[in-house]
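What follows is a structure written as structure tokens; I'll ask about it next.
The values are calculated or read from the model by the stated rules, or taken from the named source; none is laboratory data. Note that this is a predicted model, so its numbers are computed, not measured. When we count neighbours, we look across all protein chains shown, and the Cβ atoms used for this are built from the backbone with ideal geometry, even at glycine.
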Amino acid sequence: MSAFLTIVVVHLLGAMSPGPDFALIVRNSLTFSRRTGILTAIGLGLGILVHVTYAVAGIGLVVSQSILLYNALKYLGAGYLLFIGWKALMTKTPAQRSEEIMTKRADIRALQAIRIGFLCNVLNPKATLFFVALFSQVIAPSTPMLVQIFYGLYMSVATFAWFSFVACVLTTGVIRKQFTKVQIIFERTMGVLLIALGIRVALATRE
């Protein structure tokens, strides 16, 4: 029970801390809709399962100790964040679109929203190190495999629940109404933030 409570607190603090996952949820929720934000949260939760799987299997330790594998993951993640950021910067202004197009603007597809969240989480090298540290320092080697799997499922569901909550808060009527007034500025700001995060990931070290 003490190990589980430690995992609950550490994981919650990790999920709540500013980073690519949080930035992505903010952008997708406000730019598109609550639905897209929640679907993105599903992708983030599924990404957690990948980290848990290789942490339990011991593969994460290999990645964290291999400069080549770590850098490969790091640059893939950085490139993905740069790509998302660039797309946000390239968002067209209302003057560049007809009123009809703006009115009919639709959400991105469900699978696309899930994929964006999934890739953002899986390709984050800091998440790799987080789960390697968690499973090597907090969870004892003698912990039964079923218990470790339970921990992993909990963190996946908790990630989804937290970011779904964020998406719901951000898309309440008052916030949504205010957002429409500064949508383009917000898009460009999030684009810069995501690019900055991408650069930060690219320059990150394993320490």
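Only one of these is surrounded by fewer than 12 Cβ atoms within 10 Å (Cβ to Cβ) and either under 19 Å from Ala15 (Cα atoms) or modelled with pLDDT of 70 or more (or both): Leu129, Leu111. Name it.
That would be Leu111, the only listed residue that is surrounded by fewer than 12 Cβ atoms within 10 Å (Cβ to Cβ) and either under 19 Å from Ala15 (Cα atoms) or modelled with pLDDT of 70 or more (or both).
Kindly list, by first and then second residue, each pair from a residue in region 157-178 that is in a helix (DSSP H, G or I) to a residue that is surrounded by 12 or more Cβ atoms within 10 Å (Cβ to Cβ) and among the polar types (S, T, N, Q), limited to pairs with Cβ atoms under 6 Å and residues at least 6 apart or on different chains.
Partner pairs satisfying both residue conditions: Ala167/Ser29; Leu170/Ser29.
Out of all the residues in region 153-174, which are aliphatic (A, V, I, L, M) and either surrounded by fewer than 13 Cβ atoms within 10 Å (Cβ to Cβ) or more than 18 Å from Asp107 (Cβ to Cβ) (or both)?
Scanning region 153-174 gives Leu153, Met155, Val157, Ala158, Ala161, Val169, Val174.
So Ala140 clears everything in (1) of a type in the set (A, V, I, L, M); (2) more than 16 Å from the chain's Cα centre (by Cα); (3) at pLDDT 80 or above except one condition, right? Which one?
Unmet condition: (3).
Of all residues being of a type in the set (D, E, K, R) and modelled with pLDDT under 90 in region 1-43, which is nearest to Leu89 (Cα to Cα)? Just the residue, please.
Residue satisfying both the conditions and the ranking: Arg27.
Moving on. Keeping to region 20-60, report how many residues are within 17 Å of Glu187 (Cα to Cα) and outside any helix (DSSP H, G or I).
2
Among residues belonging to region 13-59 that are of a type in the set (Ser, Thr, Tyr) and either closer than 23 Å to Val132 by Cβ or touching a Lys or Arg at 6+ places or on another chain (Cβ under 8 Å) (or both), point out the one that is surrounded by the fewest Cβ atoms within 10 Å (Cβ to Cβ).
Selected residue: Ser17.
Kindly indicate whether Val182 is at pLDDT below 75, farther than 21 Å from Gly19 by Cβ and exposed (fewer than 15 other Cβ atoms within 10 Å of the Cβ).
Criteria met by Val182.
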